Amino acid sequence: MAAEKKEEYIQIGYTALRDPKTGDYLPAVPLYIKADGDAGEAEQKVIDDIGNLLARRMKAYVDGCREAGVEV
């Protein structure tokens, strides 16, 4: 019997459905993608992109607070 290659997966987030009756969230379930040749590179790109986006948003927030005279 040939040895089976173990597939690897990268967790990319969580998702949760809503209860149709109450509207509350049901238990969260992790989301995965198959780790192929491009997955690691794509993961790093997403990390960089979200880091840049959050940094710009934080800068806009801090600048807005300063303009309004609020100490941050």
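The values are calculated or read from the model by the stated rules, or taken from the named source; none is laboratory data. Small disclaimer: the values here were computed from a predicted structure and weren't measured. Don't worry about glycine lacking a Cβ; one is built from the backbone with ideal geometry, like all the others, and counts go over all protein chains shown. We work out accessible area using only protein heavy atoms, side chains counted, and drop any ligands, DNA or RNA first. Shrake-Rupley method; radii C 1.70, N 1.55, O 1.52, S 1.80 Å.
Given the conditions (1) open to solvent by 100 Å² or more (accessible area, probe 1.4 Å); (2) in contact with a strand residue (DSSP E or B) (Cβ under 6 Å, 6 or more places away or on another chain); (3) not small (G, A, S), which single one is not true for I33? The failed condition is (1).
Condition check ((1) part of a helix (DSSP H, G or I); (2) touching a Gly at 6+ places or on another chain (Cβ under 9 Å)) across all residues:
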site	(1), (2)
G23	no, no
P27	no, no
P30	no, yes
D36	no, no
G40	yes, no
E43	yes, no
I47	yes, no
L54	yes, no
R57	yes, no
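Taking the condition open to solvent by 70 Å² or more (accessible area, probe 1.4 Å) and free of Cβ contacts under 8 Å to residues at least 24 places away in the same chain, does D24 pass? So D24 fits the description; yes.
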